[in-house]
Amino acid sequence: VQLQASGGGLVQPGGSIRLSCVASGSGFTINAMGWYRQAPGKQRSLVATITSGGSTNYIDSVKDRFTISRDNAKSTVALQMNSLKPEDTAVYSCWALVGLTYNYWGRGTQVTVSS
């Protein structure tokens, strides 16, 4: 499974960015997809997940600001990020769970929130 993310960039505080990720490969079934982020000097941490059935989960700091969505037919996941704050600055990586135990991460995309 290969994951390719896109959509990062520089945005002012209060602005919005939409990240997208597409999974490619064959012979796999993706159960859950989501996004992780790694801020400078910190470990990678979970941001949001979505199951194949559409159930979502968010960390508290992004609830009501971020929305995760998924297209199972196209093997894509997106993260709409609104009301961005400087503390959201990080490298965002797409994640996929294949089966029950195989975790995959794509190369990250930089999101910088600064005036």
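The values are calculated or read from the model by the stated rules, or taken from the named source; none is laboratory data. From a predicted model like this one, the values you see are computed outputs, not experimental measurements. Using ideal geometry, Cβ is built from the backbone for each residue, glycine included, and neighbour counts are taken over all protein chains shown. Just the protein is used for accessible areas: all its heavy atoms, side chains included, with ligands, DNA and RNA removed. Shrake-Rupley method; radii C 1.70, N 1.55, O 1.52, S 1.80 Å.
Assorted remarks:
- Condition broken by residue 46, with the remaining ones in (1) among the aliphatic types (A, V, I, L, M); (2) within 15 Å of residue 94 (Cβ to Cβ); (3) surrounded by 14 or more Cβ atoms within 10 Å (Cβ to Cβ) satisfied: (3)
- Yes/no for residue 58 being free of Cβ contacts under 8 Å to residues at least 40 places away in the same chain, closer than 21 Å to residue 85 by Cβ, out of contact with any helix residue (DSSP H, G or I) (no Cβ under 8 Å at 6 or more places or on another chain) and not β-branched (Val, Ile, Thr): yes
- Failed item, numbered, when residue 108 is tested on (1) modelled with pLDDT of 95 or more; (2) under 10 Å from the mean Cα position of the chain (by Cα); (3) crowded, with 17+ Cβ neighbours inside 10 Å: (1)
- In the stretch 21-42, the residue that is most open to solvent (accessible area, probe 1.4 Å) out of those that are aromatic (Phe, Trp, Tyr) and assigned to a strand (DSSP E or B) is 36.
- Within the stretch 48-100, if we keep just the residues that are among the small types (Gly, Ala, Ser) and within 11 Å of the chain's Cα centre (by Cα), the residue that is nearest to residue 30 (Cα to Cα) turns out to be 96.
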